[in-house]
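First the structure, in the form of structure tokens, and then the observations on it.
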Amino acid sequence: MEELSQLMESYAEGNELAFERLYELMSPRLYRFCLRLAHHRSDADDLLQETFLRLHRARNTFTPGANPLYWAFAIARSAFLTGRRYRRSRPEDLGAADDASSHQRLRTGDGQTPEGEARARDLLDLVRFEVARMSEKNRLAFILMKEEGLSVDEAAAVMGTTRDAVRQRAHRAYEQIRAAMTRAGWKDDDDERTWTAASTG
């Protein structure tokens, strides 16, 4: 994080050369975050570029010592919500449909995958399917805390809300996934650590 912060401070001061390294370090996790928000790779590509464009325009407002990646998460979320307002006239959420079809493909499989690997893939697919169905705020709380490993305070800063609100949204997300696991016949010993690992796998 220290290197990222130093690079961002240098970039904010006008060092254009710092951007290349900043992009190299930030883009893998930021792209994964964009993909979880947007579902489609083409939309995630656009969102990533829009995020870096907004970051460039706002670089003079960066707070020295802050984590640039978490700041970029907040920018990406804002860009995603702005884009979604323009897409509300679309008749269906194709991202959810893609997750549903992927869910079916993984569960049918080709019969050649070892049982343990097949169970892990089924669980991964189940978690992704449920995450795609969540409200935007619950999904974001889950992604930030369980997939990106942010603390409650960090997630609250990205989401622009309170610690209690983040906890409540994350709890609703966990309960939705647990309920889906129960409906799918997963046993009680398939605990939170198991599906959390699957969700980040």
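All of the numbers you see were taken from the coordinates with simple rules; none came from a lab. What you see is a predicted model; the values in this text were computed from it and never measured. Cβ: placed from backbone, ideal geometry, glycine included. Neighbour counts: every protein chain shown.
Extension gain, residue 163-residue 24: 0.36 nm per intervening residue step, less the Cα-Cα distance, totals 46.9 nm. By other beta-carbon atoms within 10 Å, ranking 183, 41 with the fewest at the front produces 183, 41.
A convex hull fitted to the Cα coordinates of region 2-86 yields 82 cubic angstrom per residue. The order of 25, 47, going from fewest to most other C-beta atoms within 10 Å of their C-beta, is 25, 47. Taking Lys and Arg as +1 and Asp and Glu as -1, the other residues whose beta-carbon sits under 13 Å from that of residue 59 total -1. Under 15 Å from a label point set 7 Å out along the Cα-to-Cβ vector of residue 32, the amide N atoms of region 58-83 belong to 69-70, 73.
Which FRET efficiency, nearest 0.05, do residue 63 and residue 151 yield, Cβ-Cβ r, R0 22 Å? Efficiency, rounded to the nearest 0.05: 0.80.
Can you give the FRET efficiency to the nearest 0.05 for residue 120 and residue 82, using r as the Cβ-Cβ distance and R₀ = 35 Å? Please list the in-between numbers first.
Details: r = 36 Å, r/R0 = 1.04.
That gives a FRET efficiency of 0.45.
Note on residue 182/residue 56: beta-carbon distance plugged into 1/(1 + (r/R0)^6) with R0 of 45 Å gives a FRET efficiency of 0.45.
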